Each structure stands twice: as C-alpha cells, then as structure tokens.
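Right, one structure below, let's go through it.
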Amino acid sequence: MTMLTPAASLYEVILGVHVMAVVIAFGVTFAYPIMFAVAARHDPRGLPLMHRVEYTIERWLISPGLLVVVVAGAYLAGKGHHWSEFFVQWGLGATVLIGAIVGSVMIPTAKRAEQTAARDLAAAGEGAGALSDEYRALTRRLTTFGTLLSVLVLITILFMAIKP
Ligand code: HEM
C-alpha cells in the first residue's frame, strides 16, 4: 500500500485563490492611466466609451473580486488563527474602504464623466478642446481616488506579505 500525501493543503489552495482574486480584481486598474492618456491624446471621442468600460469593470470584476478576496481571507484568518493580527485587521479595513470608495465615488463619478464627455463632444465637435472644465474636474476626482485605491492595494499587499 502506498501512502498518499496531498501535494497541497486546502489552506494553500485557498491562499492561491486569495492572491488570484487580488490579481483579477486590481491588476487592470494599474493600466487605467495609460488607457485614458492614450484615448485623450489620440481619440477623445473614445472617452465616453472608456468611462463606460471603467465602471463596468468596477461593477462586474472589481466588486465580485473583492468579495472573493474577503471570503478567502476570512477562511485563511480563521484556519490559521490570524484574526487578532494587525495585517488581517488592516486587510479588513482596507477592503471595506476600497468597496466603499468604488461604490460611492468611482462608479458614480465614471458615469457622470461618461455623460459629460458625450455631451461636450456632441456640443463642440471633435478634439480635446471640446472637453469642459466640468469633465476635467470629474477626471481629476477619478485620478485622485484611483491613486488612493492603488496605494491602498499596494500597501495591503506589503502588509500581507510582511505580516508586521
Ligand atoms: C485588498 C485586500 C487584500 C489584499 C491585496 C491581500 C493580499 C494578500 C497577499 C498578496 C497575500 C500573500 C502573502 C503571503 O502569504 O505571504 C495575503 C495573505 C493573507 N491574507 Fe490577504 N489580502 C487582502 C485582504 C485580506 C483580508 C480582508 C483578509 C482577512 C479577512 C486577509 C487574510 C489573509 C491571510 C490570513 C493571509 C496569510 C496567509 C498565510 O500566509 O498563511 N487578506 N493577502
């Protein structure tokens, strides 16, 4: 009779799922600045569509991904007895903050940016000069909160890895 030792424990598989969900949920967001810079410079008519893509990703990829991150993280915290540790408390706080900012700032602001850009382009014709101050204020808001979210994600990855 041969002894079978599993190649990986369930804990390790769930840890893999936790990290996969992080990559799937947040990976694309680090490319947003390049996508919007290219659209603004080469074809501003594409900006309303870009904002639609932006909030669709937030709703159908980032929000469910964040849920998987928390559920898998909660399993790891329970099974590994990590609940009282700082990196887990931080992770929970960061997750709540990320979810709140995505739902109450990013999605509504991207929708308004889509509508405002479409209106500006329809009214003033083509070219970046057509975009209003109102649109620029909305994209500044998206950039500010988007940067905050990216920094939050990176700090959380660092805390999860270091477990200070
Ligand atoms: C934005 C949110 C989060 C990100 C980016 C994130 C990222 C990561 C990463 C990259 C690791 C692998 C580190 C390593 O094992 O060396 C990890 C491990 C872990 N995460 Fe998270 N995490 C997040 C949220 C959470 C939450 C909300 C919980 C708990 C409810 C949690 C619980 C854990 C635990 C317990 C481990 C350690 C597993 C181990 O090393 O045995 N995470 N996380």
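The values are calculated or read from the model by the stated rules, or taken from the named source; none is laboratory data. Source: prediction; values computed, not measured. Cβ sites come from the backbone with ideal geometry, for glycine too, and all protein chains shown count toward neighbours. What goes into the accessible areas is simple: the full protein's heavy atoms, side chains included, and nothing from ligands, DNA or RNA. Shrake-Rupley method; radii C 1.70, N 1.55, O 1.52, S 1.80 Å.
Carbon and sulfur atoms: what percent of the 1.4 Å accessible area of region 29-85 do they account for? Show your work: numbers first, answer last.
Numbers: 2420 of 3420 Å².
With neighbouring chains kept in place, the figure for region 29-85 is 71 percent.
For Val68 and Asp133, compute 0.36 nm times the residue count separating them, minus their Cα-Cα distance, and round to one decimal in nm. Provide the component values of the computation, followed by the final result.
Details: separation 65, 0.36 × 65 = 23.40 nm, distance 3.82 nm.
Contour length minus Cα-Cα distance gives 19.6 nm.
Can you find, among Thr116, Val96, Gly46, the residue farthest towards the positive end of the dipole of the chain? Put +1 on the C-beta of Lys and Arg, -1 on that of Asp and Glu.
With unit charges placed on the Cβ atoms, the residue in question is Thr116.
Only Lys, Arg, Asp and Glu count, each charged at its Cβ (+1, +1, -1, -1), so figure out the dipole size of region 10-162 about its Cα centre, rounded to 20 debye. All intermediate terms of the calculation are to be shown ahead of the outcome.
Values: 11 positive and 10 negative charges, 36 e Å.
So the dipole magnitude of region 10-162 works out to roughly 180 debye.
Taking the chain as a Gaussian network, where each spring joins two C-alpha atoms under 10 Å apart, which residue of Glu12, Glu134, Glu54 fluctuates the most?
Maximum among the listed residues: Glu12.
On a full-extension model of 0.36 nm per residue, what is the gain between Glu12 and Ile24, subtracting their alpha-carbon distance, rounded to one decimal in nm? Can you show the working numbers first?
Working: separation 12, 0.36 × 12 = 4.32 nm, distance 1.83 nm.
2.5 nm is the gain from fully extending Glu12 to Ile24.
What accessible area per residue comes out for region 1-123, rounded to a whole number of Å², with a 1.4 Å probe?
Result: 60 Å² of accessible area for each residue.
To the nearest 0.05, what FRET efficiency results for Glu85 and Ala31 with a Förster distance of 25 Å applied to their C-beta separation? Intermediate values should be presented prior to the final figure.
Details: r = 32 Å, r/R0 = 1.29.
So the FRET efficiency works out to roughly 0.20.
Taking the chain as the reference, fit the longest principal axis to its C-alpha atoms, fit the long axis of helix 47-57 to the helix C-alpha atoms, and give the angle between the two in degrees, 0 to 90, nearest 10.
Tilt relative to the chain: about 20 degrees.
Can you give the Rg to Rh ratio of region 1-115, both from alpha-carbon atoms, with Rh computed by the Kirkwood formula? Can you show the working numbers first?
On the way: Rg = 18.7 Å, Rh = 16.3 Å.
Over the Cα atoms of region 1-115, Rg/Rh equals 1.15.
Picking from Tyr55, Ala137, Pro6, whose Cα lies most toward the positive end of the charge dipole for the chain (charges on Cβ: Lys, Arg +1; Asp, Glu -1)?
Going by the charge dipole, the pick is Ala137.
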